[in-house]
Each structure stands twice: as structure tokens, then as C-alpha cells.
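Q: Dropping a structure here in C-alpha cells format, bear with me for questions.
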Amino acid sequence: VKRRVGPLAAGDLVQFTDVKGRRYQATLREGAQFHTQSGFVEHSDVIGVSDGTTVQSSRGQRFVVLRPPLADFVFKMPRGAQVIYPKDLGPIMVLADIGPGDRVLESGVGSGALSMMLLRAGADVVGYEIRDDFAERAVANVHRFLGDAVEDRYRIEIRNTYDGIDERELDRVVLDLPEPWTVVPHATESLRPGGIIVAYTPSVTQVVAFREAVAGGPYTGLETIEVLHRSWHVEPPSVRPDHRMVAHTGFLTVARRLADET
Ligand SMILES: C[S@@+](CC[C@H](N)C(=O)[O-])C[C@H]1O[C@@H](n2cnc3c(N)ncnc32)[C@H](O)[C@@H]1O
């Protein structure tokens, strides 16, 4: 997916950030307005300016306008299911070692946050999702952020992943559903030798059950990590960790499929 650069254009997703750091997103359309409590900004005043321009609302409030990064879009996009936080999205991409052309089975799809990461890295993604309303929303979110260019690399099937996986010779299987251990035997059928399986699970009892299933199969490199993200307040002379942090999201467990013994 080629990143949009150059002057902001109609159809671009942009983010308005006010002086207090509050962020608002909108897709630019001729004739439309971006409304806040501190007045409005005509989209036509934004169309044609460069990324990072400061504009003023009808009541004199200043906003910086930028195309938002994926991590900001994930927090603003319509969500049904819980999304994977950006702090975990990055490590999942590294643990699963996602690259262009990788054939990836993702399940469940939820709101599509992980789909976006996978697609933007160039993977071919088949998503299994049990709820059609979530699948629809994921497709809408993915298209809003990445455009239609990813259409031929993204397919969602409405189905129960616990019943099996039809794909074969997959490079990666990435799981974010309640019982990933149920999927391990199917993943073993579907992953090529050398393929990677990753599970994101909020609870450590899920980690244990998933690891037991993996340990009973042809896998190596079984590893579980937790990613802690602590932001800092940096306003000298006060330089210290922020008082609040997200204490827990989930655990990431990875393993690599071995060849079948002959
Ligand atoms: C936490 S959400 C996934 C969020 C997603 N990773 C994201 O980044 O937006 C879990 C999803 O798994 C789906 N799901 C649960 N059980 C499933 C199953 N057996 N087969 C397929 N999808 C399932 C749920 O409907 C839900 O959308």
C-alpha cells in the first residue's frame, strides 16, 4: 500500500489536533465542515495544504492537521470487539515475522486493527470471523484507512475457526480468539513447515492451555512475552514516568512449525 503524500486532498483521512492534544479525525470532502465546540473548519480550507499545517476554526481555535498514523486510527475507528493495542501490534508483527507476500490466516478479525498492520506490511490475509457484523466493520475500517488497493489481498470468511482451516501451505497463523488451543491442530494441518503461529491472549490460563496444545505438536521455539509500555512525563525539571499506564492487555505466544517426521 503506497502511503499518501503531498498536499491534503479530498478523500484523505486527516486528524485535527487542538492545543490540548485532543485529536479528531475526518475524511476530507469538498463542501463539508469539521465541527467542534470551538467552532468549525471548512474542509475546503484544508484541501490543498500540506501535512502538518495549522488551521484556525471559525472561533479562532488552532488545530494542526496531519494524516493520522495507523496507531491513532485504531483508537478512533468504529469498534465492536476489543482491538489489539498498538503496543502489542508491533511486537506481533515482529514475532510472526510478517513480510510482503506472506499468506496469513488471521482469526478472529474483530474490528480489523491487526488486519491493517498485516495488509500494510504486504501480507495476503484470509480472516476467519464468526460474526458478520464484525467482519463488515473490519472491511469498512480497513478500506477507510488503506483504501481499495488492498482489496485483492484481503478476504474474510464468516465461520467458526474451531471447526477447521481450509487453507494449506500458510506462512503464518495469527490468533486473537478465546480458545486458540482449539485451533492448534487445524493450524498444524495448514501451516507449511517453517511457518509461524502466534496467539494473543489476555489471560495466563489461556497461555498455558495454548502452550500445552503447541507442545504436543510439531513445533519449536515456543515463547511467551508480555509487552510493558510506560510513557514518561518530560517537562524539565520534572522528568519521570507518567502516573498512569495501561497495566495489562495480553500475552503473546509464538511457535514455529517443524517439518513432519518421515
Ligand atoms: C478480540 S476480537 C479480535 C480483534 C482483532 N484482533 C483486532 O485487532 O481488531 C476477537 C474476535 O474473535 C471472534 N471470534 C470468537 N470466536 C471465534 C471463532 N470460534 N471463530 C472465528 N472468530 C471468532 C469474535 O467475534 C471477535 O470478533
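Q: Could you say which residue among Val174, Val207, Val246 is closer than 25 Å to Arg103 by Cα and touching a helix residue (DSSP H, G or I) at 6+ places or on another chain (Cβ under 8 Å)?
A: Numbers: Val207 fails: touching a helix residue (DSSP H, G or I) at 6+ places or on another chain (Cβ under 8 Å); Val246 fails: closer than 25 Å to Arg103 by Cα.
Testing whether each residue is closer than 25 Å to Arg103 by Cα and touching a helix residue (DSSP H, G or I) at 6+ places or on another chain (Cβ under 8 Å) leaves just Val174.
Q: Now a separate question. Take Val104 and tell me if it is in a loop (DSSP other than H, G, I, E, B), touching a helix residue (DSSP H, G or I) at 6+ places or on another chain (Cβ under 6 Å), within 14 Å of the ligand (Cβ to nearest atom) and touching a residue at least 24 places away in the same chain (Cβ under 8 Å).
A: Working: in a loop (DSSP other than H, G, I, E, B): no; touching a helix residue (DSSP H, G or I) at 6+ places or on another chain (Cβ under 6 Å): yes; within 14 Å of the ligand (Cβ to nearest atom): yes; touching a residue at least 24 places away in the same chain (Cβ under 8 Å): yes.
So Val104 fails the test.
Q: Right, another one. Being away from the ligand (no atom under 16 Å from the Cβ) and either farther than 20 Å from Val14 by Cα or surrounded by fewer than 18 Cβ atoms within 10 Å (Cβ to Cβ) (or both) is the requirement here; does Gly48 meet it?
A: Values: away from the ligand (no atom under 16 Å from the Cβ): yes; either farther than 20 Å from Val14 by Cα or surrounded by fewer than 18 Cβ atoms within 10 Å (Cβ to Cβ) (or both): yes.
Yes; evaluated as a whole, the condition is true for this residue.
Q: In this structure, is Phe145 within 14 Å of the ligand (Cβ to nearest atom), under 13 Å from the mean Cα position of the chain (by Cα), touching a residue at least 12 places away in the same chain (Cβ under 8 Å) and not in a loop (DSSP other than H, G, I, E, B)?
A: Values: within 14 Å of the ligand (Cβ to nearest atom): yes; under 13 Å from the mean Cα position of the chain (by Cα): yes; touching a residue at least 12 places away in the same chain (Cβ under 8 Å): yes; not in a loop (DSSP other than H, G, I, E, B): yes.
When the stated conditions are applied, Phe145 passes them.
Q: Which residue, of Asp133, Asp45, is touching a residue at least 24 places away in the same chain (Cβ under 8 Å) and charged (D, E, K, R)? Walk me through how you get there before you give the answer.
A: Numbers: Asp45 fails: touching a residue at least 24 places away in the same chain (Cβ under 8 Å).
Selected residue: Asp133, the only one of Asp133, Asp45 that is touching a residue at least 24 places away in the same chain (Cβ under 8 Å) and charged (D, E, K, R).
Q: Considering the range 62-85 alone, what residues qualify as being more than 12 Å from the ligand (Cβ to nearest atom), among the aliphatic types (A, V, I, L, M) and either modelled with pLDDT under 95 or buried (at least 19 other Cβ atoms within 10 Å of the Cβ) (or both)?
A: Val65
Q: Would the range 250-258 turn up any residue that is touching a strand residue (DSSP E or B) at 6+ places or on another chain (Cβ under 7 Å), modelled with pLDDT of 95 or more and basic (Lys, Arg)? Outline the logic, then answer.
A: Looking only at the range 250-258, we keep the residues that are touching a strand residue (DSSP E or B) at 6+ places or on another chain (Cβ under 7 Å), and these are 250-258.
Among the residues that remain, those that are also modelled with pLDDT of 95 or more are: 250-258.
When the remaining residues are screened for being basic (Lys, Arg), the result is 256-257.
Checked the range 250-258: at least one residue is touching a strand residue (DSSP E or B) at 6+ places or on another chain (Cβ under 7 Å), modelled with pLDDT of 95 or more and basic (Lys, Arg).
Residues are listed down the side, and each one gets a yes or a no for (1) assigned to a helix (DSSP H, G or I); (2) under 28 Å from Arg137 (Cβ atoms); (3) in contact with a Gly (Cβ under 8 Å, 6 or more places away or on another chain):
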{"site": "Tyr24", "(1), (2), (3)": "no, yes, no"}
{"site": "Gly48", "(1), (2), (3)": "no, no, no"}
{"site": "Asp51", "(1), (2), (3)": "no, yes, no"}
{"site": "Leu89", "(1), (2), (3)": "yes, yes, no"}
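Q: So, one more: Of all residues being farther than 21 Å from Gly6 by Cβ and among the hydroxyl-bearing types (Ser, Thr, Tyr) in the range 18-63, which is nearest to the chain's Cα centre (by Cα)? Just the residue, please.
A: Quick first cut of the range 18-63, residues farther than 21 Å from Gly6 by Cβ only: 18-24, 31, 33, 35-40, 56-62.
The next check asks that each one be among the hydroxyl-bearing types (Ser, Thr, Tyr); those that pass are 24, 36, 38, 57-58.
Details: Tyr24: 19, Thr36: 28, Ser38: 31, Ser57: 32, Ser58: 35 Å.
Taking the candidates together, the pick is Tyr24.
Q: Do we find a residue being without any contact (Cβ under 8 Å) to a residue 40 or more places away in the chain, within 14 Å of the ligand (Cβ to nearest atom), buried (at least 23 other Cβ atoms within 10 Å of the Cβ) and under 28 Å from Tyr219 (Cβ atoms) anywhere in the range 155-177?
A: no
Q: Does Asp88 count as more than 19 Å from Ala26 (Cα to Cα), in contact (Cβ under 8 Å) with a residue 12 or more places away in the chain, within 16 Å of the ligand (Cβ to nearest atom) and under 13 Å from the mean Cα position of the chain (by Cα)?
A: Working: more than 19 Å from Ala26 (Cα to Cα): yes; in contact (Cβ under 8 Å) with a residue 12 or more places away in the chain: yes; within 16 Å of the ligand (Cβ to nearest atom): yes; under 13 Å from the mean Cα position of the chain (by Cα): yes.
Answer is yes for this residue.
Q: Applying the selection to the range 122-142, what residues are in a loop (DSSP other than H, G, I, E, B) and closer than 16 Å to Val173 by Cβ?
A: Filtering the range 122-142 for residues in a loop (DSSP other than H, G, I, E, B) gives 122-123, 130-131.
Ala123, the sole residue that qualifies.
The values are calculated or read from the model by the stated rules, or taken from the named source; none is laboratory data. Keep in mind the model is a prediction, meaning the values are calculated, not measured. We place every Cβ from the backbone using ideal geometry, glycine too, and count neighbours over all the protein chains shown.
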